[in-house]
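Working notes, structure below.
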Amino acid sequence: MRHTSGRPRRRLLALLGSAALALGGAIALPGTAEAANVLANPGFESGGLSPWTCTGNLGSVVSSPVHSGTRALQGAVTNSDDAQCSQTVAVQPNTTYSLTGWVRGSYVYLGVDGGPSTWTTSPSAYSQLTVSFTTGASQTSATIYVHGWYAQGTYYADDISLDGPGGGGGGDTQAPTAPGGLTSTGKTSSSVSLRWNASTDDTGVTAYDIYSGSSQVLSVSGTSATVSGLSPSTSYTFTVKARDAAGNVSAASNAVTVTTDAGSGGGTGFTQAAPYLYEGWGDPPSPTTVMNATGIKWFTMAFVLDSGGCTPAWDGSRPLTGGADQSAINTIRSAGGDIVPSFGGWQGSKLGANCSSASALAGAIQKVVDAYGLKAVDMDIENTDEFENEAVQAKILTALKTVKANNPGLKTIVTFGTSTTGPTYYGNRLIEQAQSLGANIDVFTIMPFDFGGGSDMYGTTVNAAEGLKAKLKSTFGWNDATAYSHIGISGMNGLSDQQENTTPAVWTQIRDWANTHHIARLAFWAVNRDRPCPGGGVTSNCSGISQDNWQFTSITAGFTG
């Protein structure tokens, strides 16, 4: 790396220099801190960030990797933001404190504002950082921080401790005044910008907590904020509370209710009728032939896998650019259509499982985004290596969050298996992790097939989708319409692997239900199989049933969301 001994070292020396200036004038001898952690939520075991605040809304609480317990802090560093997370606490003047913490990542810093810091490079394992500082003669608060380094990838922190006596001997019990004049200064289909008047406090306000209803959604140090990750055409009610260094919290501000702007379909600004097209087998048809015959515009291109070293390639072997897949994509776009690549699938060497970190996976996804100027990406999360692995689930979701933040307007889709009544244990966990990580996934797509021969494919598909809707409502607090607008269905045309039969008539029923409930995405596996071969069984280039050429694609093209 070009600056392993450059910018990080200069930052450390600058901080140490400022600390010497700030603390060098103390006259009285410093006291000795008693061993007691004065930080709140030091191990992030509450499941939330509060009272920590993070720049750029880049901090989140994750369940893996952790140093101890069940939670840790994750900082999604970007090229322009080091994802600093900080907490201000009350301290006693002229007292020595010991700051320790466990961190993991490249160039992770732990320190105190205006005082010393320390840093480490430990990209693959947690290591302990320790630094001491002495407060000034009249100092009553200190801001502790942890951050990564620009463009060096995601970092993790856990079990942060500031050992010493709390400020004022616990005497500060006065809460700040309530923030006033809360108003909305702007909105989009997915965000609301807010502004309010500053609160006052006897020792000073250290943070403002923003609430949507009864749920805290953001903490900031200033008097303005933008709450993102919201749903289009949805009413939200916001309030703000002020907090001081001793943890005293004010009464709530006035409430302001804002309805987000409408999206351009599907409730997420994105509606997609996109059956799978696979260049790897199954006599791949000419995309223009299919498009001209059916009116379909979008295809889901399968599958992007790992060719080694976290390097994306079609099927893990065909070149990302310059091969048959790019040729098909160029043809589709020349005919006025577009594609979404699908990463993963049931088998093969998958990027989600093999990339070493969320930042490495985000980099691999970004290569595909850059290669094709994509509007959307789909992560097909299946099998034991990805779907059933909690850490890999978190890695994928974190990578999608990073890629989405770095590519404004990009839509993210996750696709996964289901039971006949809704998400399985692993599907529920995926949705819960998406919420806790703030991944802001646009579409949760289920694959309602392979339940067993003889299943009622319309009934089970609807039941599974309704179960997904219920889970999205309970996890995100959405109403019915918003939950439906984040749902996708990806079926299997004709005979499934377990000899279930989705006929053109049944697929038409499913499409009509999807339109009536305004879901976001409809797909099936695969256009390669959208040809008749009654009695042909489950094969790669036909459906195994009697049908017209491209009949399922034509039905899918009638999906409007």
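The values are calculated or read from the model by the stated rules, or taken from the named source; none is laboratory data. This one's a predicted model, so the numbers in the text were calculated from it and none came from an experiment. Using ideal geometry, Cβ is built from the backbone for each residue, glycine included, and neighbour counts are taken over all protein chains shown. All accessible areas refer to the heavy atoms of the entire protein, side chains included, with ligands and DNA or RNA removed. Shrake-Rupley method; radii C 1.70, N 1.55, O 1.52, S 1.80 Å.
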Tell me, please, whether a residue that is modelled with pLDDT of 95 or more and hydroxyl-bearing (Ser, Thr, Tyr) can be found in segment 461-475. yes
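Rundown of residues vs (1) acidic (Asp, Glu); (2) more than 24 Å from THR300 (Cα to Cα); (3) modelled with pLDDT of 95 or more, yes/no style:
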| site | (1), (2), (3) |
| --- | --- |
| THR415 | no, no, yes |
| PRO423 | no, no, yes |
| LEU430 | no, no, yes |
| GLY453 | no, yes, no |
| ASP456 | yes, yes, no |
Looking at segment 332-368 only, could you name the residues that are of a type in the set (D, E, K, R) and farther than 15 Å from GLY308 by Cβ? ARG333, ASP338
Which helices (runs of 4 or more DSSP H) sit wholly inside segment 374-487 and have at least 1 residues that are open to solvent by 30 Å² or more (accessible area, probe 1.4 Å) and under 30 Å from GLN498 (Cα atoms)? 390-406, 425-437, 457-476
Residues (at pLDDT 95 or above and small (Gly, Ala, Ser)) located in segment 328-346: ALA328, SER342, GLY344
Residues being closer than 30 Å to PRO65 by Cα, of a type outside the set (S, T, N, Q), open to solvent by less than 40 Å² (accessible area, probe 1.4 Å) and assigned to a loop (DSSP other than H, G, I, E, B) - total across segment 332-362: 2
Within segment 56-72, considering residues that are outside any loop (DSSP other than H, G, I, E, B) and at pLDDT below 85, the one nearest to ASN389 (Cα to Cα): ASN57
Of the candidates THR55, THR130, the one satisfying the condition of being of a type in the set (Val, Ile, Thr) and in contact with a strand residue (DSSP E or B) (Cβ under 6 Å, 6 or more places away or on another chain) is THR130
Within segment 511-524, restricting to residues that are crowded, with 24+ Cβ neighbours inside 10 Å and hydrophobic (A, V, I, L, M, F, W, C), the one that is nearest to the chain's Cα centre (by Cα) is ALA520
Condition met for VAL304 (over 30 Å from ASN41 (Cβ atoms), in a strand (DSSP E or B) and either of a type outside the set (S, T, N, Q) or open to solvent by less than 20 Å² (accessible area, probe 1.4 Å) (or both)): yes
I need every pair where a residue in segment 281-310 that is at positive phi has its Cβ under 6 Å from the Cβ of a residue that is polar (S, T, N, Q) and open to solvent by 50 Å² or more (accessible area, probe 1.4 Å), sequence separation at least 6 or different chains. GLY282/ASN541; ASP283/ASN541
